[in-house]
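Reviewing the structure listed below.
No lab work stands behind these numbers, since they all come straight from the coordinates. Remember, it's a predicted structure, so these values are computed and weren't measured experimentally. Neighbour counts run over all protein chains shown; Cβ positions are idealised from the backbone, glycine included.
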Amino acid sequence: MNRIDAKFQHLHAAGRKALIPFVTAGDPSLEATVPVMHALVAAGADVIELGVPFSDPMADGPTIQRSSERAIARGAGLSWVLEAVREFRGRDADTPVVLMGYLNPIEIRGSTRFADDAVAAGVDGVLLVDLPPEEAAELRAAFAAAGLALILLASPTTTEERIALLCDDAQGYLYYVSFAGVTGAADLLDTGAANDRLHRIRARSKVPVVAGFGIKDAASAATMAREADGVVVGSALVAVLAETADAAAAAQAAGAFLAPLRQALDGPAG
């Protein structure tokens, strides 16, 4: 059993919801990335989504776009990201790590080589924003051969027919984009509508369904976790980290940001 499945089985047995922070690899500094990952786990992260910096992040709002630009300028390419995961695995053999990004860097490396390299580094899953499931057969086969989960996305504009396809093909977990927009636009989040859709999707999905986009604090995390199996928080955390001065300060800020969300998910509202 891979780490993602094992983690969600453990959470389900304990009646808990997954807390999944997103951070951009290489931001606020190259040196901060692994300490921040460990600090997030210590503060209650169940899965870490690690953003692979990309020059044209179409689904990301300004906060994550700027973090990608800064990371690329520091040299945080795909090979560096994989090495960061390998370093993280030196102290943490259990927490699932999912790379989140775009197809182009993988195509450049080649799907088979990428899948083998990712698994060797300790990556458990990959979420590619710009890969339609209808065009994913070759990549899915390469990932399956290596034991790497291809995590799919659904959104408020996804048709019921496509939801059925996604639920049939989903691996690891299904990521529900809570509103039609880019990351960080928390004012667009309609929690009632999102929870209604999450309820229907979870009823037919064979894997856990997590909600992301617009979740910025303990209150929004707890509200979205009423129907989701877990929540993803990204832009708000990335913004906090961007203000830190060094790796130690970044790790401390990451833990301080995440702890109240963990508490909220484990409380009566979670």
* Between Rg and the Kirkwood Rh of region 90-231, both from Cα atoms, what is the Rg to Rh ratio? -> 0.98
* **Gain in span if fully extended, Ala249 to Glu134, counting 0.36 nm per residue against the direct Cα distance** => 37.1 nm
* Asked: When we measure straight from the Cα of Lys216, which lysines land under 17 angstrom away, once same-chain ones fewer than 8 places off are left out?
  -> Lys17
* Asked: In straight Cα distance, which lysines are under 16 Å from Lys206, not counting same-chain residues fewer than 8 positions off?
  -> Lys7
* Calculate, for Arg113 and Glu160, the FRET efficiency according to 1/(1 + (r/R0)^6) with r their C-beta to C-beta distance and R0 25 Å; round to the nearest 0.05. => 0.10
* To do: Compute the relative contact order of the chain as a whole-number percentage, counting only Cα pairs closer than 8 Å that sit 6 or more residues apart in sequence.
  => 25
* To do: Tell me the label-point distance for the pair Asp56, Arg86, using the 7 Å Cα-to-Cβ offset, in nm and rounded to one decimal.
  => 3.0
* Asked: Given a cut-off of under 8 Å on Cα pairs at least six residues apart, what relative contact order in percent is computed for region 221-270?
  -> 54
* Choose one of Gln9, Leu258, Leu40: the residue whose Cα lies farthest towards the positive end of the charge dipole of the chain (beta-carbon charges +1 Lys, Arg; -1 Asp, Glu; about the Cα centre). => Gln9
* To do: Between Ala120 and Arg66, with labels modelled 7 Å along Cα→Cβ, what's the label distance in nm to one decimal, could you check?
  => 3.8
* To do: Pick out, in residue order, every one of the trypsin sites (Lys or Arg not before Pro) in region 38-121 that is DSSP loop and has at most 14 other C-beta atoms within 10 Å; say none if there are none.
  => Arg91
* To do: Any chance you could check the Cα centroid distance between region 36-100 and region 119-176 for me, in angstrom?
  => 19
